[in-house]
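Notes for the one structure printed next.
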Ligand code: NAD
Ligand code: MN
C-alpha cells in the first residue's frame, strides 16, 4: 500500500491552528480506516514570519521542493506587517499558478445546527459547488504602476485581466463534467460580460459552445451583480456555479456566509491533469483578529482535508469525514463564529468522536 507524501504549509495566523486539526483527522483515519490510508508529512515554515526573516515568503527553489509530493495541505497567509499582496503572491498564488492548479473547487453546503442567514436553510436549498477559474482572469498579475512617468499625485496604474480560450474552456468543461455527477445536473455561469466586453464575452461564447456537448446538463447564465442577489433570494436555483477568478472568489465568501460562516468553507486547488500536486486549503484567510485564541473554526480546514482524501482515492473516508462534521454540528458543537462557544480543539474532538462511532459500528 502506498504511503502518501504530504507537504504541509501552515502559513500564518489561524492557518497554523486549523491545519493541526485537519492533521488530527487524517491521523485518526490512517489509524482506524479499513482501507489503509497511510501518509507522511513534511512541514514547510513559509509565511509572513519567514518573510520578515528571509525577505521571501518561500524559498527560491520552493516549487522544485514541492513538486514531487502527492498533495499540499495549506493553512492561510497574511499578517499585519507584510503587505497582503506580497504575502498572497509570494506563497498561495505562486503555488496555484506555478503548478497550474486551474480549478479551484469550493463546496457550499448547509450544516445542520448551524444558524444560516437564509430563510429556509436545508440541504436542498444550499448544496452548491463553486468552480473558480484559478490560473488567469483578474489575477493574471499583468499590469504596472507609474509607467507613464507622470509626476507625484498623477500616478497611473493598470491591472489587466487575461482570458484565454483554453483557460475558459478547461474550467467550464470541468464544471459540466462535475454537474453530470450530481443530482440536478445544472451549471450556472457568472460573468460581467455587459461591462467587460472582451474577456468575459469570450468566456460566454466558450460556455455556449461547450454546453452544446452536454445536452443532458441544464444551463443558466447570469451577470454577477444579479447573481449576488440571487444567492440570497433563490439559493435553490443553483447547483454548480462556474466563474472567473475574482468573481468566484467574492461569491464563495458570500456563499459560505449564507451557510453560516467563512470558517466552514473548504476548497481544493486542483491540477485535474495531475501533472503537479494539488493544494487543499480552507477558503478563509489568516484571521489576525482571532489568531492565537484557540477559537478558530476548524471545519473549513477539516473539510479541505476531506477533499484531499477524495482526490487521493479515498472517497469513502472523505464522505465519512463530511458526515462526522454534520453529526458534530447537529449535536450542538459550534465554534464562536457559528454561534457557540466550542473551542477549536473541542470542535475537532467532537468530529473525531462522530468518526469513532462509525468505525466502531463497522
Ligand atoms: P479572513 O478570512 O482572514 O477573516 C475574515 C473574518 O472572518 C474575520 O473576522 C475572521 O475572524 C473571520 N474568520 C475567518 N476564518 C475563520 C474561522 N476559521 N473561524 C472563525 N472565524 C473566522 O479575511 P481577511 O480579514 O480579509 O484577511 C486576513 C488576512 O488573510 C489578510 O492578510 C489576507 O490577505 C489573508 N487572506 C489569505 C487567504 C489565503 O491564504 N488563501 C485568503 C483570504 C485572505
Ligand atoms: Mn478569498
Output the strands (runs of 3 or more DSSP E) that fall wholly within the range 114-164 and possess 2 or more residues being surrounded by 11 or more Cβ atoms within 10 Å (Cβ to Cβ) and without any contact (Cβ under 8 Å) to a residue 40 or more places away in the chain, or say none.
137-145, 157-162
May I ask you to verify whether residue 232 is under 27 Å from residue 335 (Cβ atoms), surrounded by fewer than 24 Cβ atoms within 10 Å (Cβ to Cβ) and away from ligand 1 (no atom under 16 Å from the Cβ)?
yes
Residues of the range 38-53 satisfying the condition of being buried (at least 17 other Cβ atoms within 10 Å of the Cβ) and either within 23 Å of the chain's Cα centre (by Cα) or not assigned by TED's automatic domain parsing to the domain that holds residue 317 (or both)
39, 44, 46, 47, 48
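Rundown of residues vs (1) in the same structural domain as residue 293 (by TED's automatic domain parsing); (2) assigned to a loop (DSSP other than H, G, I, E, B); (3) more than 16 Å from ligand 1 (Cβ to nearest atom), yes/no style:
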residue	(1), (2), (3)
16	yes, no, no
20	yes, no, no
34	yes, yes, yes
64	yes, no, yes
69	yes, yes, yes
73	yes, no, no
79	yes, yes, no
Considering each residue of the range 254-265, count those that are under 10 Å from residue 106 (Cα atoms) and either out of contact with any helix residue (DSSP H, G or I) (no Cβ under 6 Å at 6 or more places or on another chain) or away from ligand 1 (no atom under 11 Å from the Cβ) (or both), and give that number.
1
Kindly evaluate residue 238 against the criterion of being surrounded by 24 or more Cβ atoms within 10 Å (Cβ to Cβ), away from ligand 2 (no atom under 14 Å from the Cβ) and in contact (Cβ under 8 Å) with a residue 40 or more places away in the chain.
yes
Scanning the range 293-305 residue by residue, those touching a helix residue (DSSP H, G or I) at 6+ places or on another chain (Cβ under 8 Å), over 19 Å from residue 5 (Cβ atoms) and more than 8 Å from ligand 1 (Cβ to nearest atom) turn out to be 294, 302, 303
Is the range 274-282 home to any residue that is within 9 Å of ligand 1 (Cβ to nearest atom) and closer than 24 Å to residue 25 by Cβ?
yes
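The values are calculated or read from the model by the stated rules, or taken from the named source; none is laboratory data. Keep in mind that what you see is a predicted model, and the values were worked out from it rather than measured. Cβ: placed from backbone, ideal geometry, glycine included. Neighbour counts: every protein chain shown.
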